[in-house]
């Protein structure tokens, strides 16, 4: 067991809220008690960006670090009139405009799902489109060409065909939602720098004095773009219009009209993906039903990588399909229970010792004078939904019928037509006692 020495623990639902409350108060204290003029300040989640006089940068950092000995902040300043903020580079142009460009960290591997990988083609197209949409949406028109070249290089390195790359970039351009206005600041003096504070904080701009809030009209503006400018009266801010086009995003429908003109709701089902049947199955369902197929990919890294977290003790788990072996022969009993497995084993132990004969394991031990091996019980699967758990129990009984002591009537939640499907491994079946 571990003890938390101070502060809320990681992973707690309260930790994020408490952290915001504490840090909001901390930043408010800094703003209220400093005479340094902050040109502007913005935040996104745990990142904060602000502009102060160059000579006051270290003073601001020291002020933040004095507030709480347990909280230490770091600072990053602009280089060559540019600073990165989240996945955006903010550039302070010579004419005073702030322009933006899609930014990726130098440590980025640029590794995406390879075009030749065993994934649905639609996955790969969506990946290209979303990358292109995000990158261009974060980029000012001035840097469009360089961003497109960067996207093409990224996709080509992952073996995407150039025709598909161009198609998805063009699609992203058409659907992108442009800002209709852009904020222009008065050309700053040489003593001002944009500074990025790597603060894990959330900032509240409430203050006694009045701020002038100039908002650029936007339609779903990107969260990382600076579209607002705060001014406390010592400077002025103005908004200039720029020529941008507005497009509406396409949305996927949830209804369709059948041949009789009646509107029907679409039903989506998930199926394991395989390249051989992808197009055939989708075509059949699309043409003849109101069912749409959503593919899922079963072979994920999490399935093969070792689990580093502590495992919950088996006997403390619930919703199990379990196999309980006999200590004196090679037969096993397969059962299911929503209860704690330890409690279920104690029930079996009591029933066997009391000759209750409620289950096949009770009957087997009573008839043959055998004992159940409770120390080697195994969980075959876990399933919280009762009906699904019972069906999985039935399947496990069928698959292990050569050594399973369960009676045939225990298989009552699975249609008989499905039984041969799970007997493929051993077609010459044995009828349990």
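List of remarks:
- From the list 351, 340, 355, the one residue that fits, being assigned by TED's automatic domain parsing to the domain that holds residue 401, surrounded by fewer than 12 Cβ atoms within 10 Å (Cβ to Cβ) and within 30 Å of residue 371 (Cα to Cα), is 355.
- Members of region 352-399 that are touching a strand residue (DSSP E or B) at 6+ places or on another chain (Cβ under 6 Å), over 14 Å from residue 328 (Cα atoms) and assigned to a loop (DSSP other than H, G, I, E, B): 377
- Restricting 165, 176, 169 to residues that are surrounded by 15 or more Cβ atoms within 10 Å (Cβ to Cβ), in contact with a helix residue (DSSP H, G or I) (Cβ under 6 Å, 6 or more places away or on another chain), farther than 19 Å from residue 41 by Cβ and modelled with pLDDT under 85 narrows the list to 176.
- Scanning region 125-148 for residues that are part of a loop (DSSP other than H, G, I, E, B) and either at positive phi or without any contact (Cβ under 8 Å) to a residue 24 or more places away in the chain (or both) returns no hits.
- Residue 321 meets all of the listed conditions (1) touching a helix residue (DSSP H, G or I) at 6+ places or on another chain (Cβ under 6 Å); (2) in a helix (DSSP H, G or I) but one, namely (2).
- Verdict on residue 414 being out of contact with any strand residue (DSSP E or B) (no Cβ under 6 Å at 6 or more places or on another chain), outside any helix (DSSP H, G or I) and at pLDDT below 90: yes
- Each residue in region 295-333 was checked for being surrounded by 13 or more Cβ atoms within 10 Å (Cβ to Cβ) and either on the phi > 0 side of the Ramachandran plot or free of Cβ contacts under 8 Å to residues at least 12 places away in the same chain (or both), and 1 pass.
- Members of region 278-310 that are farther than 20 Å from residue 124 by Cβ and assigned to a loop (DSSP other than H, G, I, E, B): 289, 290, 305, 306, 307, 308, 309, 310
- Evaluation of residue 122 against (1) assigned to a helix (DSSP H, G or I); (2) under 30 Å from residue 156 (Cα atoms); (3) out of contact with any strand residue (DSSP E or B) (no Cβ under 8 Å at 6 or more places or on another chain) (one fails), failing number: (3)
- For region 32-58, a tally of residues being part of a helix (DSSP H, G or I), touching a residue at least 24 places away in the same chain (Cβ under 8 Å) and under 19 Å from residue 74 (Cβ atoms) returns 2.
- Residue check for residue 287: out of contact with any strand residue (DSSP E or B) (no Cβ under 7 Å at 6 or more places or on another chain) and in contact (Cβ under 8 Å) with a residue 12 or more places away in the chain: no
Table: residues versus (1) within 30 Å of residue 175 (Cα to Cα); (2) in contact with a helix residue (DSSP H, G or I) (Cβ under 8 Å, 6 or more places away or on another chain); (3) at pLDDT below 90; (4) crowded, with 16+ Cβ neighbours inside 10 Å.
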position	(1), (2), (3), (4)
70	no, no, yes, no
78	no, no, yes, yes
82	yes, no, no, no
101	yes, yes, no, yes
111	yes, no, no, no
132	yes, yes, no, yes
151	yes, yes, no, yes
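- With respect to (1) within 30 Å of residue 280 (Cβ to Cβ); (2) touching a helix residue (DSSP H, G or I) at 6+ places or on another chain (Cβ under 7 Å), the lone exception for residue 119 is condition (2).
- Taken residue by residue, region 258-277 has at least one member that is modelled with pLDDT under 85 and at positive phi.
- Odd one out for residue 121, checked against (1) more than 13 Å from residue 101 (Cα to Cα); (2) modelled with pLDDT of 95 or more: (2)
The values are calculated or read from the model by the stated rules, or taken from the named source; none is laboratory data. Here the structure is a predicted model, which means the values were calculated and not measured. Every residue, glycine among them, receives a Cβ derived from its backbone with ideal geometry; neighbour counts consider all protein chains shown.
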